[in-house]
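Heads up, the thing below is written out as structure tokens.
Every read-out reported here was derived from the displayed coordinates using simple, explicitly stated rules and does not represent laboratory data. Worth saying up front: this structure is predicted, and the values here are computed from it rather than measured. Note: ideal-geometry Cβ built from the backbone for every residue, glycine included; neighbour counts use all protein chains shown.
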Amino acid sequence: MSDRTLTESAFLATAEAAAEAAGAVIRPLFRSALLVEAKGDASPVTEADRAAERAIRALLAERHPGHGVIGEEYGDSNPDAEWVWVLDPIDGTRAFVTGRPLFGTLIGLLHRGVPVLGLIDQPTTGERWIGIAGQPTRFRSGFGGTPRCRPCGRLAEAELSCTSPDMFDAETAPRFAAVKAAARRTTWGGDCYAYGLLALGLVDAVVDATMKPWDWAALVPVIEGAGGTCTDWAGRPLRLDGDGTVLALGDAALLPEATGLLTG
């Protein structure tokens, strides 16, 4: 077994252990009475978010003390390290606090700023997507589903998903509206779960804005490993210092049409 394989195996074991630690915190709180606070950006945050991220960080500190961490709830720790974990303990908090299972725990790993490992975990349904750069995406679920994007060469045939119309401003709203008008149908909500559905070939395009690194870092290896693409609206690789736009496509043939509309 090569050094790279050993490293991948160790990091994947860490990601899965972290997902289990977060899930153990989240599951007892789902659909329970929660104290919901308002953060500065007006998104709801609960003790579930914070406790889950603390559990993940504790595990990472024990197993990989030299690695960096970027997390939604507790900020950056050694973010310039060669290996950096990027965490969103509950992506889709609004769904979580309203009792809808359209949320997930996101655990991503960057190597010199490039996403190389990603895990989407839905702790209440038991679904888990695992992406490792250069490998086919893996998926575990009691509901069925195959991790493979489907062919779709035109937006007129595409199922489009978007987290919320509220994420667009005066500049981005008309660009998204152009894609929405071109698509076959649009579904709202889903957060990271919508990207998981794209990796299963059930959604063809996801268009979002105002995305933070913890929102997209784990998604890139999952989508690419299923045969799709995950870029910004101009079709460029996602970067920590990017503009917050995300365009996920199940079929790269959609890229010229989608980016043409999104860049105006």
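Structural remarks
- Prolate/oblate/rounded label for segment 190-264 (Cα gyration tensor, a/c 1.5): oblate
- Across segment 113-120, rounded Karplus estimates of 3J(HN,Hα) from the backbone phi angles (6.51 cos²θ - 1.76 cosθ + 1.60, θ = phi - 60°) give x, 9, x, 10, 8, x, 9, 10 Hz, Gly and Pro being marked x.
- Cut-off of 10 Å, at most 14 other beta carbons, DSSP loop: longest stretch of the chain lacking such GluC sites (Glu not before Pro): 172-264
- Charged side chains reduced to their Cβ positions (Lys and Arg at +1, Asp and Glu at -1) give the chain a dipole of some 700 debye around its Cα centre.
- Derived scalar couplings ³J(HN,Hα) [segment 164-174; Karplus, 6.51 cos²θ - 1.76 cosθ + 1.60; whole Hz; x for Gly, Pro]: 6, x, 6, 7, 9, 10, 4, 7, 8, 4, x
- Segment 58-73-segment 87-157 distance, computed between alpha-carbon centres (Å): 20 Å
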